[in-house]
1. In the set (i) 19.0, 63; (ii) 21.1, 71; (iii) 19.8, 65, which value of Rg and Dmax of the Cα atoms in Å was calculated from the structure you see?
2. Sort Y231, Y38, Y73, Y242 so that the residue with the fewest other Cβ atoms within 10 Å of its own Cβ comes first and the one with the most comes last.
3. Work out the length of the dipole vector of the chain about its Cα centre, built from +1 on the beta-carbon of each Lys and Arg and -1 on the beta-carbon of each Asp and Glu, and round it to the nearest 20 debye.
4. Any lysines with Cα under 16 Å of the K171 Cα? List them, leaving off those in the same chain fewer than 8 positions away.
5. Positive end of the charge dipole of the stretch 157-339 (Lys, Arg +1 and Asp, Glu -1 on Cβ, about the Cα centre): tell me which of G229, G302, G239 has its Cα farthest that way.
6. Quick one: if you stick a label point 7 Å off each Cα along the C-beta vector at D42 and K68, how many nm between them?
7. Suppose a student asked you for the relative contact order of the chain, using Cα pairs under 8 Å spaced at least 6 residues apart; what percent would you report?
8. How high is the FRET efficiency between R214 and E117 when r is their beta carbon distance and R₀ equals 25 Å, given to the nearest 0.05?
Amino acid sequence: MAIRVLIVDDSATARAVLTDILSGDPMIEVVGTASDAYIARDKIVELRPDVICLDVEMPRMDGITFLKRLMHYMPIPVIMVSSLTQAGAKTTLEALESGAVDFVPKPHSHIYDGKDEMRDELIAKIKIASRVKVKQHLLRNTAQANTTSLAETTNKILAIGASTGGTEALKDVLMGLPRNAPGTIVVQHMPANFTGPFAERLNSLCAMEVREARNGDSITPGLVLIAPGDYHMVVRRSGARYYVEIGSGEKVSGHRPSADVLLNSVAKIAGANAIGVILTGMGGDGAKGLLAMRNAGARTIGQDEASCVVYGMPKVAYELGAVENQLPLSKIANAILAVL
C-alpha cells in the first residue's frame, strides 16, 4: 500500500515541485496539498495522511504552532521542509523538539533548480517517517540537566554518532552528563548552518559547554564539540593532547560529516581510552567505525530499538557485533558514567 502524503506549503511553486518529486515514486501517493494550516487541518481530517510535509513559514498560522497543535490532537509523522538560513535552522530545531520526525532543507537557489538534490533525501525520509510511532516518540522521557561532578576528571574521549531523531536523543544523553564529563565529540547528520544553532541550543541546556567544532580545538573534560555541517571531523593527538581536525572530502557512508570517519579516527588514536555511542538514525553510518573502536578496546553502547525514532544505525552496529551494551535512551548517560 502506498504511503499517503499531504503537502502543506504556502508557495504554489513549492507544492508543485514537491508533488512532482513524490509522484515519481511508486511507493508514495500525494493525496492532497494545502496552502495554510487551516486548510491542512480540514484535509487531515478528511484524508487521514500517513505523513505530512510541512513548511515552516506560512500565513495565518506558522508551521511550528500548527505542528504543536497537530501533535497534541492528532499525532502524525511530520517532515519539515526548511530553509538553509540560520533563522530557518533555529526554527527547524524547535520543530524537532515539538515532535517533527525529521527535516529536509530547501535548496539555496530557486526550488525548481534544487529539486534533484532534494529528491532522494525527501523520499527516503518520508518512507522512514511512515514507520515511526509518533506517540511513542513524543512520550519518551526527557532528561534533566546533571549538575553534579565526577569524583575525578578523566582523559577519556566520548564519541557519539547520530542521525534521524538524534537531535533530541543527543540532548537527553548530554543533559545526563556532569559538567566535568570526558571531552565529547559528536557527529549529527546536519547540513551547514544547522550545526551552529544546534550547538547553541544544547549549550543552553547542558551542564557541559557545547559548541560547533573548529579546526584544532582541544578535546578536554567538560567540552562537547559538534562536527560542523558538510565537514568531516577526525581526532588527532600531539603528545598527551587530543584535538580535532576539520576537513572536506568525499562523503563517507553517504554523509559528510560521517560518524564512520570520526569513530575510525577515535579507534586509531585513542584505542581503549575511549567510549563510543551510536544513537537513532537511518542507514548504517558509524557501525563500522564503532566496530573498529570495540576491536581497539573501547567500550561501546548502542541505543535500543524501542527508544529509537529510527532503528537503523544502532541496528547495523549491533548486527556487526560493534555494540557491547544495547540500552534504552534513558539509560545511556548513566551507562557512560558507570564505565567511567
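Just so you know, all these numbers are worked out from the coordinates, no wet-lab data involved. Just so it is clear, the model here is predicted, and its values are computed rather than measured. Glycine gets a Cβ as well: all are built from the backbone with ideal geometry, and neighbour counts include every protein chain shown.
1. Step by step, Rg and Dmax of the Cα atoms in Å for this structure corresponds to label (iii).
2. Fewest to most other Cβ atoms nearby, the residues stand as Y73, Y38, Y231, Y242.
3. Taking the Cα centre of the chain as origin, the dipole is about 880 debye.
4. Output for K171: K90, K331.
5. Comparing the listed Cα positions along the dipole, G239 ranks first.
6. 2.5 nm
7. Averaging sequence separation for qualifying contacts and normalising by length gives 12 percent for the chain.
8. 0.40
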